[in-house]
Amino acid sequence: MGPGLIVPPIYSPIPPAIHPRHAQIDVQTAAWAETFRIGSEQLRGRLVRQDIGTFCARILPEGREEVVSLLADFVLWLFGVDDGHCEEGALGHRPGDLAGELHRLLRVAQNPEARMLLDDPLAAGLRDLRLRVNRYGTPGQAARWVDALREYFFSVVWEASHRRAGTVPDLNDYTLMRLYDGATSVVLPLLEMGHGYELQPHERDRTAVRAAAEMASFIITWDNDIFSYHKEKNGTGYYLNALRVLEKHEGLTPEQALTTAIAQRDRVMCLFLRVSEYLSGQGSPQLRQYLASLAHFIRGAQDWGISSVRYTTPDNPANMPSAFSSEPTDAGTEPLAIPSIAWWWNLLPATASRPQQRILQ
């Protein structure tokens, strides 16, 4: 992040929480990665030290332990794909070949009995994950999980096209694709599985509920871009990040880009609080649980982002905060000037526009 760029405490009105079995889950996920030989030995050695099990224990602090463990294994698997195939592997510069490889993996996710990629460790891990999704979820949840995986795969192919060309997309395109290439949407079906319910379509597919999930994705990925900027900028390869987009297309310095990105995520966080409160007041107990899980996902990613060696990079330390802020830098109620998400601010009636500071007690 350059020696002078310091990440200040980020606004976080959501209290921290963690599953009591987090240490055991982290150990189990490291063992799972070894069993299925996820990624190269070097990559796997890095991933198992990044507290991924602990991260997922923060997402589902009161969830079924077997689903928290499934989520942790899945997130590690996703990093195996993203770090191994996309960011560090040769396929990351060949979008056509990457699309073919990811579609073959997608077929394994859809039909684990398909006799293909039989010697591929990522495919073997994915087969195991799909069987466990079947065990702990419903057929509808399994189908949505595969659909979300397709969205994620589609978005990383888009990213690979920019990596090959060395180009940086504009803010609107980056915002849209970041809702998917951060692999946040693939976690959503597991939020339901973790608490043993299935959100009914009339609630899950409601525009405001879908928007709340997208807001959570925006906050999580913008926070990730803020926390990972140091690691990515000081790396040797191409990187794509909200701060880099703001520097390139808005003509901002790194310090100005950081301030702008924080203000953007703060404004979305304030909207997420208002929309969640509004929806919770009229929704089912299952919807209230879903919204609470989205909030845990946001806070869990924040706690992990400032503590995991993935982002603190001990060999070249990042200037990370050790705590969070109780106040946003931008509590505005006007839409961000990003067309792909500006419609979020039109979802609430005027009577529901008052910002709230906490949604979980």
Checklist outcome for this item: At q = 0.09, 0.10, 0.11, 0.13 1/Å the base-10 log of I(q)/I(0) from the Debye formula over the alpha-carbon atoms of the stretch 44-177 is -0.29, -0.36, -0.44, -0.61
Item to check | Rg [Å, one decimal], Dmax [Å, integer] - the stretch 189-230, C-alpha atoms | outcome: 13.5, 42
Checklist entry - Could you list log10 I(q)/I(0) for the stretch 1-59 at q = 0.16, 0.18, 0.19, 0.24 Å⁻¹, which the Debye formula gives when each Cα is one point scatterer? => result -0.68, -0.76, -0.79, -0.90
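Peptides 59-66, 282-289, 105-112, 74-81: what's the order by average Cβ count within 10 Å, highest mean first?
Per-residue Cβ counts within 10 Å, averaged per peptide and sorted highest first, yield 74-81, 59-66, 105-112, 282-289.
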Checklist entry - What whole number of Å gives the distance from the Cα centroid of the stretch 225-243 to the Cα centroid of the stretch 306-331? => result 14 Å
Checklist outcome for this item: Looks like the stretch 1-113, by Cα gyration tensor root eigenvalues a ≥ b ≥ c and the a/c under 1.5 rounded cutoff (else prolate when a/b is bigger than b/c, oblate otherwise), is oblate
Checklist outcome for this item: Over all pairs of different Cα atoms in the stretch 189-329, the reciprocal of the mean inverse distance gives a Kirkwood radius in Å of 16.6 Å
Item to check | Amide H contacts under 5 Å for residue 238, placed H, 5+ residues apart | outcome: none
Item to check | Overall form of the stretch 237-316 per C-alpha gyration tensor (a/c, 1.5; a/b vs b/c) | outcome: oblate
Checklist outcome for this item: In nanometres, the difference between 0.36 nm per residue of separation and the alpha-carbon distance of residue 284 and residue 315 is 6.4 nm
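In nm, what is the difference between 0.36 nm times the number of residues separating residue 331 and residue 41 and their Cα-Cα distance?
Residue separation times 0.36 nm, minus the Cα-Cα distance, leaves 99.9 nm.
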Checklist outcome for this item: For residue 325, the residues 5 or more places away or on another chain with a placed amide H closer than 5 Å to its own amide H are 10, 11, 12
Checklist outcome for this item: Counting only protein heavy atoms with a 1.4 Å probe and every protein chain in place, the carbon and sulfur fraction of the accessible surface of the stretch 241-280 in whole percent equals 46 percent
Item to check | Computed label-point distance, nm, for sites residue 202 and residue 23 using a 7 Å Cα→Cβ extension | outcome: 4.7 nm
Checklist entry - When the Cα centres of the stretch 47-99 and the stretch 100-168 are compared, how far apart do they sit, in Å? => result 12 Å
Next on the checklist: Treating only the Cα positions of the stretch 130-265 as identical point scatterers, give the base-10 log of I(q)/I(0) from the Debye formula at each q in 0.10, 0.11, 0.22 Å⁻¹.
Outcome noted: -0.40, -0.47, -1.30
Checklist outcome for this item: Taking 44-53, 20-29, 183-192 and ranking on average Cβ neighbours within 10 Å, highest first, one gets 183-192, 44-53, 20-29
Item to check | the chain: DSSP helices with Cα axial extent of at least 15 Å and average Kyte-Doolittle hydropathy no lower than 0.0 | outcome: 65-79, 254-280
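The values are calculated or read from the model by the stated rules, or taken from the named source; none is laboratory data. Remember, predicted model here, so these are calculated numbers, not experimental data. Neighbour counts run over all protein chains shown; Cβ positions are idealised from the backbone, glycine included. Areas reflect the complete protein model, heavy atoms only, side chains present, ligands, DNA and RNA absent. Shrake-Rupley method; radii C 1.70, N 1.55, O 1.52, S 1.80 Å.
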